[in-house]
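See structure below.
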Amino acid sequence: MPKGTLSPHRLLLLTTLLLLALTFAPAGVSGFVAGLREPVMFVLAPISNAASFVSRSFRPARSATLPTDPDSASLAIQRNEFKTLWLDAERRIMELESQIRELQQGRATAPDIEFAAFHARVVGASSDTVSGLLTLDAGRNRGVTQGDSVAVVSGDNLVGRVVESGRLTSSVLPITRRDAGWIQALVMTGEGASGVRCHIRGTRDGVLHGDLSEGAVGVEPGQTVRLQDPEWPETAQMLVLGRVERVAPKENAPLRLEITVRPDLQLDRVQRVVLRVPVLEDSP
Amino acid sequence: MSWIAFALTAWILFGLELGLKDALQLGASGVAPSFVMVLLVIVSLHAPRLTALWAALIIGVGLDLTAPLVSASGLETITLVGPKALGCLVSAYAILTMRTLVMRRNIFTIALLSLIAVSLLEIVAVFAYVSRSWFDSRLEITAGATLVAGLGAAVYTAILALPLGAALQSAMPIFGFQQSVSRPRIRRV
């Protein structure tokens with residue numbers, strides 16, 4: 001071998017050292033590798049999309065609340081959508097009233113946020129099932145933005161938030177995953193937009209578990225739990241997280257109640273979702 | 001080894017990994033089999049040493065790029081290239097060391113080596129993630145749960161390796177494995 005050329009063994013060793021360096025390199029240095037993910041996912045999409053379609057057709061997301069008859073299910077979805085709109089409108093009215101009060105006090109408020117909604121297919125998941133990410137066939141090309149866009153299913157059931165948006169694909173982290181973090185929600189104990197607040201987080205069993213606010217009364221299994229969390233985008237507020245499955249006193253603090261919430265669908269088995277993407281209004 | 005056959009097979013198996021893995025998952029436990037790791041075992045058993053190590057690195061980089069981590073805030077993903085690639089390299093090296101001691105054509109050998117390969121991959125990857133999380137606040141890893149899920153995946157992969165390994169064994173002629181064990185070099189004087 002001529003002097004100065006790299007032997008295959010040495011090249012392998014150098015590659016290994018480079019990978020070791022990338023493993024521990026600061027985010028600023030190793031950040032460029034995220035750009036390699038998009039072309040890889042694009043190349044794998046034809047096979048993963050077909051496999052995902054087959055697997056989700058054979059094992060679709062089961063709904064615990066929708067009727068099995070397609071016509072009745074469609075009507076139920078419409079009813080649920082209108083109920084969400086009504087509740088969201090009530091919440092907006094309350095917010096607007098508070099904004100008017102703030103404006104009257106001479107304080108600035110944030111502009112309203114409009115959103116666009118469109119369907120996206122689940123074309124695959126992460127090769128590491130622990131993370132539970134769902135890959136969708138819509139990305140920045142359709143206006144999907146990280147953090148601000150959310151995915152819903154069956155009209156008003158929240159699937160999760162977009163945590164990565166590539167040019168053609170995006171990844172959604174379902175709310176039932178522990179990594180999605182703590183969520184503030186409202187248990188709908190009555191007909192209006194008022195209810196009992198709770199603080200829940202995904203568990204390994206596909207449910208959300210957490211604590212009810214102090215002095216909570218009237219919470220019963222079967223009641224709807226909706227998102228009301230300022231950390232989440234406006235487009236996700238008052239969407240359904242699931243239904244109360246269990247309410248019980250905490251083991252270590254019997255005077256406080258803990259709550260288990262089960263989503264109406266298996267969120268990691270959905271085939272199509274509706275993406276809600278915020279559209280900022282042009283200033284007049 | 002024919003790199004075209006390897007690339008084509010890896011493409012199909014990576015597609016299945018992304019499309020089917022969550023459907024084969026046991027509940028919401030994160031325990032699911034790996035398709036590409038069976039390919040790594042087959043290649044490591046039959047290909048020349050250096051070829052097997054390069055193939056393992058390619059599979060590992062593919063796994064790294066298709067499995068982003070979710071940040072501690074839950075608002076973004078982190079793509080790390082290295083942990084799984086190094087894990088695959090360690091797995092391939094272990095199989096290369098063991099391959100002279102096993103019956104390579106036996107389907108149970110492939111299942112057993114798949115179990116070992118995935119276990120090593122998960123141990124190395126979790127070690128790398130945990131080490132990184134010490135100085136990278138974006139990363140939050142529950143090492144115990146991740147490792148348990150990974151070892152469960154190793155057992156599940158061993159079961160999957162029985163049919164998939166048999167299918168890949170029957171397709172071995174297209175891989176063109178000629179020199180399965182490197183012959184001792186004869187130095188000419």
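The values are calculated or read from the model by the stated rules, or taken from the named source; none is laboratory data. No experiment lies behind these values; they were computed from the predicted model shown. When we count neighbours, we look across all protein chains shown, and the Cβ atoms used for this are built from the backbone with ideal geometry, even at glycine.
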Handout entry: Those residues of region A:169-195 which are aliphatic (A, V, I, L, M), under 24 Å from A:Asp128 (Cα atoms) and in contact with a helix residue (DSSP H, G or I) (Cβ under 6 Å, 6 or more places away or on another chain), in sequence order
Key = A:Leu173
Problem - Residues that are hydrophobic (A, V, I, L, M, F, W, C) and either modelled with pLDDT of 85 or more or in contact with a Ser or Thr (Cβ under 7 Å, 6 or more places away or on another chain) (or both), drawn from region A:207-231 - result: A:Val207, A:Leu208, A:Leu212, A:Val219, A:Val225, A:Leu227
Problem - Residues that are under 18 Å from A:Asp137 (Cβ atoms) and touching an Asp or Glu at 6+ places or on another chain (Cβ under 8 Å), drawn from region B:1-27 - result: B:Asp22
Exercise for the section: Return yes when B:Thr77 is more than 16 Å from the chain's Cα centre (by Cα), at the interface with another protein chain (Cβ under 7 Å from one of its Cβ atoms) and under 25 Å from B:Val148 (Cβ atoms) and no when it is not. Expected result: yes
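Okay, residues lined up against (1) free of Cβ contacts under 8 Å to residues at least 40 places away in the same chain; (2) farther than 24 Å from A:Ala180 by Cβ; (3) more than 10 Å from chain A (Cβ to nearest Cβ); (4) among the aliphatic types (A, V, I, L, M):
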{"position": "B:Ser119", "(1), (2), (3), (4)": "yes, yes, yes, no"}
{"position": "B:Val130", "(1), (2), (3), (4)": "yes, no, yes, yes"}
{"position": "B:Glu140", "(1), (2), (3), (4)": "no, no, no, no"}
{"position": "B:Gly144", "(1), (2), (3), (4)": "yes, no, yes, no"}
{"position": "B:Ala149", "(1), (2), (3), (4)": "no, no, no, yes"}
{"position": "B:Ala153", "(1), (2), (3), (4)": "no, no, no, yes"}
{"position": "B:Ala158", "(1), (2), (3), (4)": "no, yes, yes, yes"}
Exercise for the section: Kindly establish whether A:Ser48 is of a type in the set (Gly, Ala, Ser), within 23 Å of the chain's Cα centre (by Cα), loosely packed, with under 14 Cβ neighbours inside 10 Å and over 26 Å from B:Thr51 (Cβ atoms). Expected result: no
Practice task
Name every residue in region A:20-52 that is in contact (Cβ under 8 Å) with a residue 60 or more places away in the chain and within 24 Å of B:Val90 (Cα to Cα), in order of residue number.
Solution key: A:Arg37
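Where in region B:1-114 are there helices (runs of 4 or more DSSP H), lying wholly inside it, with at least 2 residues that are hydroxyl-bearing (Ser, Thr, Tyr)?
Working: elements: B:3-20, B:36-46, B:49-66, B:83-98.
Correct list: B:49-66, B:83-98.
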Practice task
Check region B:45-55 and report whether any residue there is modelled with pLDDT of 90 or more, under 17 Å from B:Leu113 (Cβ atoms) and at the interface with chain A (Cβ under 9 Å from one of its Cβ atoms).
Solution key: yes
Practice task
Within region B:28-40, track down each residue that is surrounded by fewer than 24 Cβ atoms within 10 Å (Cβ to Cβ) and within 7 Å of another protein chain (Cβ to nearest Cβ).
Solution key: B:Ala28, B:Ser29, B:Gly30
Handout entry: Complete set of residues in region A:145-165 that are at pLDDT 85 or above, under 16 Å from A:Glu234 (Cβ atoms) and more than 11 Å from chain B (Cβ to nearest Cβ)
Key = A:Thr145, A:Ser149, A:Val150, A:Ala151, A:Val152, A:Leu158
Problem - Candidate set from region A:1-42 (those that are of a type in the set (Val, Ile, Thr) and either more than 7 Å from every other protein chain (Cβ to nearest Cβ) or not in a helix (DSSP H, G or I) (or both)); member that is surrounded by the most Cβ atoms within 10 Å (Cβ to Cβ) - result: A:Val29
Handout entry: Test result for A:Thr129, at pLDDT 85 or above, in a loop (DSSP other than H, G, I, E, B), closer than 24 Å to A:Trp182 by Cβ and of a type in the set (Ser, Thr, Tyr)
Key = no
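Condition first: hydrophobic (A, V, I, L, M, F, W, C) and touching a Gly at 6+ places or on another chain (Cβ under 6 Å). Now tell me which residues in region B:67-109 satisfy that.
Those that are hydrophobic (A, V, I, L, M, F, W, C) and touching a Gly at 6+ places or on another chain (Cβ under 6 Å): B:Leu75, B:Ala85, B:Cys88, B:Ile107.
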Fill in the blank from the handout: Within region A:195-213, of all residues that are more than 18 Å from the chain's Cα centre (by Cα) and over 16 Å from A:Ala248 (Cβ atoms), the one farthest from the other protein chains (Cβ to nearest Cβ) is A:Gly195
Practice task
Could you list all residues from region A:166-184 that are modelled with pLDDT of 90 or more and in contact with a Ser or Thr (Cβ under 6 Å, 6 or more places away or on another chain)?
Solution key: A:Ser171
Practice task
For region A:238-269, name all the residues that are in a loop (DSSP other than H, G, I, E, B) and at pLDDT 85 or above.
Solution key: A:Met238, A:Leu239, A:Pro263, A:Asp264
Problem - Residues of region A:152-180 satisfying the condition of being in a loop (DSSP other than H, G, I, E, B) and either more than 16 Å from B:Gly74 (Cα to Cα) or more than 11 Å from the chain's Cα centre (by Cα) (or both) - result: A:Ser154, A:Gly155, A:Asp156, A:Gly166, A:Arg167, A:Leu168, A:Thr169
Handout entry: Condition broken by A:Leu66, with the remaining ones in (1) surrounded by 13 or more Cβ atoms within 10 Å (Cβ to Cβ); (2) within 11 Å of chain B (Cβ to nearest Cβ); (3) over 24 Å from B:Leu16 (Cβ atoms); (4) in contact with a helix residue (DSSP H, G or I) (Cβ under 9 Å, 6 or more places away or on another chain) satisfied
Key = (2)
